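Structure record follows, encoded as structure tokens.
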Amino acid sequence: YSESTFVLPPEDPANTARVRILPPVKELPFAGHPNVGTGFVLAREGQALGRPVGDALRFEEAAGLVEVAVQREAGAVVGAQIRAPRQPEYGPDVGVDTVATCASLAAAEVRTGRHDPMKVSVGVPFAFAELSSLAALGRAAPNAAAFAEANRAAPRPDDGFALFLYVRTGDNPLRVRARMFAPLSGIPEDPATGSAAAALGALLASLDPQQDGPLEMVVEQGVEMGRPSRIDVLAGLEGGGVRSVSIAGRCVPVM
């Protein structure tokens, strides 16, 4: 599993729970899909730590408070929407050659027309790069040694180095196919990464601050793994900047 969550009593009884998120290597201060899944599970149970829960939950996490809105259809819990705990933080840039080497691609397959590869965080940082084609995305493979070198060269190497690659699909710039590699966290590839999708939404919204209303985007991920996912992203704009980002997804119990 990419991550496991542990639900603990909250420090503030006004909140639903304290949630800790552990991938195979190092604890995360925030993550998207573990929160979506945890909200889904607790809502299906109808209680958390002996207290009833409704359709609005709030989790205490190292990165801040995560607000969860339960999604239902015909009364049944089907998924959840979460709001990232922090406003977006942009930078630093990441070299094209670093991205290409980490992804086992040619530098020419990394696009820089809309933005240079760069790190963005709404609670946990990722390096983002647009690729030239779906074929390039399909050929991408993590080079663990290159990831380790990129992390050593980073201004804050303790953050690790996780790479989120995406391609615009068709004529719609707000529908993308993506892959996420984080071998330094014990995740060779992740089928759905809500925290990264939220940060990408913030990045793309920041590139067009004059757009009318919030940015709504769909991220398809995990297709190449045979574990396809759909992530709905909503980036709220205010005063020419991105003020909040939410992601939503449906859930399926598997055991």
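Along the three principal axes, how long is the range 14-148 when you take its alpha carbons, biggest first, rounded to the nearest angstrom?
Rounded to whole Å, the extents work out to 54, 32, 28 Å.
Got a sec? What order do Met180, Met118 fall in by accessible area at 1.4 Å, biggest, i.e. largest, first? Let's see the in-between values first.
Details: Met180 5, Met118 30 Å².
Of Met180, Met118, the descending order of accessible area is Met118, Met180.
If you stretched the chain out fully between Glu45 and Arg114, how much longer would it get, using 0.36 nm times the residue separation minus the C-alpha to C-alpha distance? Intermediate values should be presented prior to the final figure.
Numbers: separation 69, 0.36 × 69 = 24.84 nm, distance 4.43 nm.
Taking Glu45 through Arg114 to full extension adds about 20.4 nm, to one decimal.
Restricting attention to the alpha-carbon atoms of the chain, what are Rg (one decimal) and Dmax (integer), both in Å?
That works out to 17.7, 55 Å for Rg and Dmax.
Hey, can you grab everything whose amide H is under 5 Å from the amide H of Ser244? Only 5+ residues off in sequence or another chain; H modelled, so Pro and N-termini drop out.
Residues meeting the criterion, in which the H sits 1.01 Å from N, are Gly236.
Counting pairs of alpha carbon atoms under 8 Å apart in space and at least six apart in sequence, what relative contact order in percent does the range 130-192 give? Can you show the working numbers first?
Details: 81 pairs, mean separation 19.1, N = 63.
It comes to 30 percent, rounded to a whole number.
With springs connecting C-alpha atoms under 10 Å apart, model the chain as a Gaussian network and identify which of Gly123, Gly75, Gly138 has the largest mean-square fluctuation.
Judging by the Gaussian network model, the answer is Gly75.
Could you give each residue of the range 128-141 its phi-based ³J(HN,Hα) in whole Hz, using Karplus coefficients 6.51, -1.76, 1.60 with θ = phi - 60°, and x for Gly or Pro?
10, 8, 8, 9, 7, 7, 5, 4, 5, 4, x, 7, 4, 8
Divide by every residue of the chain the summed helix terms, -39500 (n - 2.57) for each DSSP H run of at least 4, and state the resulting mean residue ellipticity at 222 nm, rounded to the nearest 500 deg cm²/dmol. List each step's numbers first, then the result.
Values: 5 runs with 51 residues, N = 255.
That comes out to -6000 deg cm²/dmol.
Could you work out the relative contact order of the range 40-131, using alpha carbon pairs under 8 angstrom and six or more residues apart, expressed as a whole percent? Intermediate values should be presented prior to the final figure.
Working: 141 pairs, mean separation 17.9, N = 92.
Normalised by residue count, the contact order of the range 40-131 is 19 percent.
Determine the sum of side-chain charges near Pro191: Lys and Arg each +1, Asp and Glu each -1, restricted to other residues whose C-beta is under 13 angstrom from that of Pro191.
Details: positive: Arg177, Arg179, Arg227, Arg230; negative: Glu3, Glu189, Asp190, Glu220, Glu224.
Spelling it out: positives minus negatives among the neighbours equals -1.
Could you state the principal axis extents of the C-alpha atoms in the range 95-241, from the largest down, to the nearest angstrom?
43, 33, 27
Tell me, what is a quarter of the convex hull surface for the C-alpha atoms of the range 17-84, in nm² with one decimal? Please report the intermediate quantities before stating the final value.
Numbers: hull surface 17.7 nm².
Approximately 4.4 nm², given one-decimal rounding.
Express the relative contact order of the chain as a whole percentage, based on alpha carbon pairs under 8 Å and six or more residues apart in sequence. Don't skip to the end; give the middle numbers.
On the way: 590 pairs, mean separation 42.6, N = 255.
Worked out over the chain, it gives 17 percent.
Which residue fluctuates most in the GNM of the chain (Cα springs below 10 Å): Val245, Val36, Val94?
Fluctuation is largest for Val94.
The values are calculated or read from the model by the stated rules, or taken from the named source; none is laboratory data. The model shown is predicted, which means the values in this text are computed figures rather than measured ones. No Cβ is skipped: glycine too gets one built from the backbone with ideal geometry, and neighbour counts run over all protein chains shown. Heavy atoms of the whole protein, side chains included, go into the accessibility calculation; ligands, DNA and RNA do not. Shrake-Rupley method; radii C 1.70, N 1.55, O 1.52, S 1.80 Å.
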